[in-house]
Amino acid sequence: MKELQKMIEQRIAEATVAGDDLQRLFTVKLPKKGLSAKWLRSNLEKRGPRLVSNQGWLRPIPPTIPPITGAAVPPLTTIGELAEHLRMSPSELDWFADLHHRNPGEGALAHYRYRWIPKRKGSPRLLMEPKESLKMTQRRILETVLNEIPLHEAAHGFRIGRSIRTFAEPHSGKQVVLKMDLGDFFPSITFARVTGLFQMLGYRPEVALRLAGLCTHGPPRKVARMARHLPQGAPTSPALANAVAYRLDCRLSGLAKSLELNYTRYADDLAFSGTRIRGSFLHLVGGIILEEGFVANYRKTRLMRASTRQRIAGVIVNEHPNVERGEFDRLKAILHNCAKLGPASQGMSDQRDHLRGKIASVQMLTPTRGEKLLKIFQKVDWIGVI
């Protein structure tokens, strides 16, 4: 308890780059200095994993992200160099970065469009899509800066050469599979965390602030009351999320290897597998997630044995990565009816690309099944529909 209290006191006293973002370490507000013992006892035991009696997760933190080597663009040292690299003037750079919140939240001069996406369960997700001018700038940052950042081997989402299949393969045919989920993944990666990442990569504070400003956004209050964070819909967000989660991947991978388990991550989906997983392992993982500034969504945690259906990120892994039977049958039926009665009969007149993407997902997991669906798709008469 004293060791845990000492760590919290040190975090409160020494937080510099993180600032208010330190609150993201926990689901409730941090205590004032000198009150952490009472706060830990009343909150950490109740709302988080029971870690006070088991402090094995307070191990030395692994190294941060290695420095960029051989990058296409070395760390830019001045605001002028950054503006020139992004093909804009310094005043335009400040306008798009919007560090002083002068940009209007709506109208022709706003940089983002907003759309609520319904989810099967839970509250809807806010999609914040940058307009074309800002999106082009973000793509340049992605191609010349973010793609050069080394990532952990356990990260499989949004990476060239990685896919949902490579995420699921290490867990195929295992006795037990543990599935966990990070709650509010993109919203938890705030402006302060992104600024700290760019500074850690070698950018000067004034340059790091503007890069973070270009890659984060806070919606107007009439849309949602949210702090400035990685917008879901920006091309830079997935790469930045993987980079911020580097240390999380290091720690979880190290913990898994020490217990002879496999670990992979696909965006906010975490998966562990092996011969045996004890109940205390869940507490250790929860503690590391908390320590690294994320929150575990325990409602989506599942411990699945070989005798049951083992499903992670929508992929069945009991024997080999496979699409769920019911989902395959539904997609096949829709395609068959589209080919026989026309896309309009299934409400799919404007869903050609969506269906093709679904087929591609099946092809990636099970090529034989995917080819069957593709043959049916090619029989659909899309002429005059789109």
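The values are calculated or read from the model by the stated rules, or taken from the named source; none is laboratory data. Note that the structure is predicted; figures quoted are calculated from it, not measured. Every residue, glycine among them, receives a Cβ derived from its backbone with ideal geometry; neighbour counts consider all protein chains shown. Please note that ligands, DNA and RNA were not included when accessible areas were found on the heavy atoms of the full protein model with its side chains. Shrake-Rupley method; radii C 1.70, N 1.55, O 1.52, S 1.80 Å.
Can you tell me how many residues in the range 269-284 are open to solvent by less than 40 Å² (accessible area, probe 1.4 Å) and either on the phi > 0 side of the Ramachandran plot or not acidic (D, E) (or both)?
8
Could you give every pair whose Cβ atoms fall below 6 Å, whose first residue belongs to the range 271-285 and is free of Cβ contacts under 8 Å to residues at least 40 places away in the same chain, and whose second residue is loosely packed, with under 12 Cβ neighbours inside 10 Å, counting only separations of at least 6 or pairs across chains?
none
Kindly establish whether V207 is under 22 Å from M88 (Cβ atoms) and crowded, with 18+ Cβ neighbours inside 10 Å.
Answer is yes for this residue.
Here is a list of conditions, (1) of a type in the set (A, V, I, L, M, F, W, C); (2) in contact (Cβ under 8 Å) with a residue 60 or more places away in the chain; (3) open to solvent by less than 10 Å² (accessible area, probe 1.4 Å), and F198 meets all of them except one; can you say which number that is?
Exception for F198: condition (2).
Out of (1) crowded, with 21+ Cβ neighbours inside 10 Å; (2) touching a Lys or Arg at 6+ places or on another chain (Cβ under 6 Å), what's the single condition that is false for D181?
Every condition holds for D181 apart from (1).
Could you please let me know if G213 is under 24 Å from A313 (Cα atoms) and in contact (Cβ under 8 Å) with a residue 60 or more places away in the chain? Break it down into steps so the answer makes sense when it comes.
Details: under 24 Å from A313 (Cα atoms): no; in contact (Cβ under 8 Å) with a residue 60 or more places away in the chain: yes.
So G213 fails the test.
Okay, residues lined up against (1) touching a strand residue (DSSP E or B) at 6+ places or on another chain (Cβ under 6 Å); (2) hydrophobic (A, V, I, L, M, F, W, C); (3) crowded, with 16+ Cβ neighbours inside 10 Å; (4) modelled with pLDDT of 85 or more:
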position: T308; (1), (2), (3), (4): no, no, no, yes
position: R311; (1), (2), (3), (4): no, no, yes, yes
position: G314; (1), (2), (3), (4): no, no, no, yes
position: N322; (1), (2), (3), (4): yes, no, yes, yes
position: C338; (1), (2), (3), (4): no, yes, yes, no
position: G342; (1), (2), (3), (4): no, no, yes, no
position: S345; (1), (2), (3), (4): no, no, no, no
position: M348; (1), (2), (3), (4): no, yes, yes, no
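Taking the stated definitions as given, is M128 among the aliphatic types (A, V, I, L, M) and either out of contact with any Phe, Trp or Tyr (no Cβ under 9 Å at 6 or more places or on another chain) or part of a helix (DSSP H, G or I) (or both)? Give the derivation first.
On the way: among the aliphatic types (A, V, I, L, M): yes; either out of contact with any Phe, Trp or Tyr (no Cβ under 9 Å at 6 or more places or on another chain) or part of a helix (DSSP H, G or I) (or both): no.
Against the criterion (among the aliphatic types (A, V, I, L, M) and either out of contact with any Phe, Trp or Tyr (no Cβ under 9 Å at 6 or more places or on another chain) or part of a helix (DSSP H, G or I) (or both)), M128 does not qualify.
Might you let me know whether the range 176-185 holds any residue that is more than 25 Å from R125 (Cα to Cα), in contact with a helix residue (DSSP H, G or I) (Cβ under 9 Å, 6 or more places away or on another chain) and without any contact (Cβ under 8 Å) to a residue 24 or more places away in the chain?
no
Search the range 201-210 for residues being among the hydrophobic types (A, V, I, L, M, F, W, C) and touching a residue at least 24 places away in the same chain (Cβ under 8 Å), and hand back the single one that is nearest to P130 (Cα to Cα).
L209
Among the residues of the range 235-268 satisfying the criterion of being open to solvent by 30 Å² or more (accessible area, probe 1.4 Å) and of a type in the set (K, R), which is farthest from F198 (Cα to Cα)?
K257
Which of (1) surrounded by 18 or more Cβ atoms within 10 Å (Cβ to Cβ); (2) under 22 Å from A256 (Cα atoms) is the odd one out, the single condition R302 does not satisfy?
Only one criterion is unmet by R302, namely (1).
Being among the aromatic types (F, W, Y) and in contact with an Asp or Glu (Cβ under 9 Å, 6 or more places away or on another chain), is that true of even one residue in the range 294-312?
Step one: of the range 294-312, the residues among the aromatic types (F, W, Y) are 294, 298.
Those still in the list that are in contact with an Asp or Glu (Cβ under 9 Å, 6 or more places away or on another chain) too: 294, 298.
Yes; the residues of the range 294-312 include at least one that is among the aromatic types (F, W, Y) and in contact with an Asp or Glu (Cβ under 9 Å, 6 or more places away or on another chain).
Of all residues in the range 177-215, count the ones that are among the aliphatic types (A, V, I, L, M) and in contact with a strand residue (DSSP E or B) (Cβ under 7 Å, 6 or more places away or on another chain).
Count: 5.
Exactly one condition in (1) of a type in the set (A, V, I, L, M); (2) open to solvent by less than 20 Å² (accessible area, probe 1.4 Å); (3) within 29 Å of Y266 (Cα to Cα) is false for L374; which is it?
Status for L374: all satisfied but (2).
Do the conditions hold for R225, that is, is it free of Cβ contacts under 8 Å to residues at least 24 places away in the same chain and of a type outside the set (A, V, I, L, M)?
Yes.
Please work out if A155 is over 21 Å from the mean Cα position of the chain (by Cα), aliphatic (A, V, I, L, M) and either within 30 Å of S273 (Cα to Cα) or open to solvent by less than 70 Å² (accessible area, probe 1.4 Å) (or both). Working first, answer last.
Details: over 21 Å from the mean Cα position of the chain (by Cα): no; aliphatic (A, V, I, L, M): yes; either within 30 Å of S273 (Cα to Cα) or open to solvent by less than 70 Å² (accessible area, probe 1.4 Å) (or both): yes.
The answer is no for A155.
Restricting the first residue to the range 335-346 and requiring it to be farther than 21 Å from R369 by Cα and touching a residue at least 24 places away in the same chain (Cβ under 8 Å), which pairs with a second residue that is outside any helix (DSSP H, G or I) and not β-branched (V, I, T) meet a Cβ separation below 7 Å and a spacing of at least six or different chains?
That search, which allows pairs on different chains as well, returns G342/D381; P343/S349; P343/W382.
Of the conditions (1) modelled with pLDDT of 80 or more; (2) more than 26 Å from R162 (Cα to Cα), I386 fails just one. Which one is it?
Result: I386 fails condition (1) only.
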